[in-house]
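Data block below; observations after.
Rule-based calculations on the coordinates, nothing more; no lab input. Remember, predicted model here, so these are calculated numbers, not experimental data. Cβ placement follows ideal geometry from the backbone for every residue including glycine, while neighbour counts extend to all protein chains displayed.
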Amino acid sequence: MFQTEPILYLQSSGNELLTSLMILITTMGSSAFLAVVIISITFGINFRKGFLLFQLLIWTGLITEIIKTLVSFPRPDFVDNRVLNLECGLKSTSPFSGNGPEGIFALPDKEVLETFRLQETNSHSHFGFPSGHVALTTALWGGGSAIFNSRIIKTMAPVMILLVAFSRLYLGRHFLGDLLGGATVGLIFLIAFTLFLKSPLKDEFFRKENFEPVFRRQNIIIYGIMFVIPPALTALSLVSAEAAGFLLGTNVAYILIIRKGLPDDTGSAEQRVLRIFIALLMFGVSSLVLAAGFETIQPTPYLSFKLIEFLEAFVPASTIWASVVICTKLNLYRRGKELTGDREREWNRKSLEKHDKGY
């Protein structure tokens, strides 16, 4: 499961065209691609379903990072410097040149693991097991199939998961064992998510009273999950500040939105596209501005790398609230109460028509 022979064989049989295609496919498991998908669903299709799908993805990502940190397995190009990192185009500087463990179920060599874990530059992005791309792709397509009850998505899910997994193997970013580990993590969260959708707990995330600052059990549990656990995991160095910032930023935006009333999802195709455009524009511009701004600032004891990483994720994620406000001001959708009033008026109108016709 942690041998480099399959990777070396694939890379020796590849070419520039296949490499370009694999790099394109592998982006479907990246955080940027997932952000676009979630924003598109949230603003263009269904706000509630987009929020639930986001929670599935972010918690899958957080647990994957925790496992990466605890296991601390290297990537293939560290185990064998003949493996190319085709995704980044970097040549390995590892002192090791070998095919990895002899047995198919054996773990990486002990000397390799000890050398890798002694490196001071190790971070969550350097760890290999399990594959975050595969875990998130499994959660995205499986969760999309469950939440939309779509036969098309269900049919496409295994194809997309296999494509992303193959791209990670070909590009030299993961072993076969990493891919199976990522698929397992994604599947576990997918099963839990499916059970959650069938339970009454799902509705608790959309009750305004559960987010009021009062000492009720539901409020404490929800606030704890959304705002206490992520920074605690970051403080323990189990997850990156970026992951915690993205989760907290989105949750803050959601709290501000639900306190005003969740937006309605009605609207023409043009209105839906415009809502998506505004949300993506706000997210993208804030990301670019922060990245450019922090490049000119040197870290200090009060502005560490972790804080910068946190803010670069927190601020763009929180723009979801600003996007909802802008879309509401532009009448691109209506609030739930307004829709309820319209439905009641429509029901009364139809009842009068039936009465006049003698039904």
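What to note about this one:
- Under 5 Å from the amide H of G128 lie the amide H atoms of F73, R75, each residue being 5 or more positions distant or on a separate chain, with H modelled from the backbone and absent for Pro and chain starts.
- Extension gain, I297 to Q218: 0.36 nm times the residue separation minus the Cα-Cα distance gives 24.3 nm.
- Protection proxy ranking of 21-29, 162-170, by the mean of other Cβ atoms within 10 Å over each peptide's residues and highest first, is 162-170, 21-29.
- To the nearest ten degrees, helix 16-26 and the longest principal axis of the Cα atoms of the chain are 50 degrees apart.
- For the stretch 63-131, applying the loop criterion from DSSP together with a ceiling of 13 other beta carbons within 10 Å to the trypsin sites (Lys or Arg not before Pro) yields K91.
- Here the stretch 5-199 has an Rg and Dmax of 17.4, 52 Å, counting Cα atoms alone.
- In the chain, helices alone account for a calculated mean residue ellipticity at 222 nm of -22000 deg cm²/dmol, with every DSSP H run of four or more residues adding -39,500 (n - 2.57).
- Arranged from fewest to most other beta-carbon atoms within 10 Å of their beta carbon, V71, V239 become V71, V239.
- Angle between the chain longest axis and helix 241-260 axis [Cα atoms, degrees, rounded to 10]: 0
- Label-to-label distance, E102 versus E5, with points set 7 angstrom from Cα along the beta-carbon direction: 1.3 nm.
- Length gained when the stretch I191-E114 is fully extended (0.36 nm per residue, less Cα-Cα span): 24.2 nm
- Computed from Cα atoms, the angle from the helix 336-356 axis to the main principal axis of the chain rounds to 50 degrees.
- Local net charge near G44, Cβ-Cβ under 15 Å (Lys/Arg +1, Asp/Glu -1): +1
- Distance from the alpha carbon centroid of the stretch 194-242 to that of the stretch 60-106 works out to 34 angstrom.
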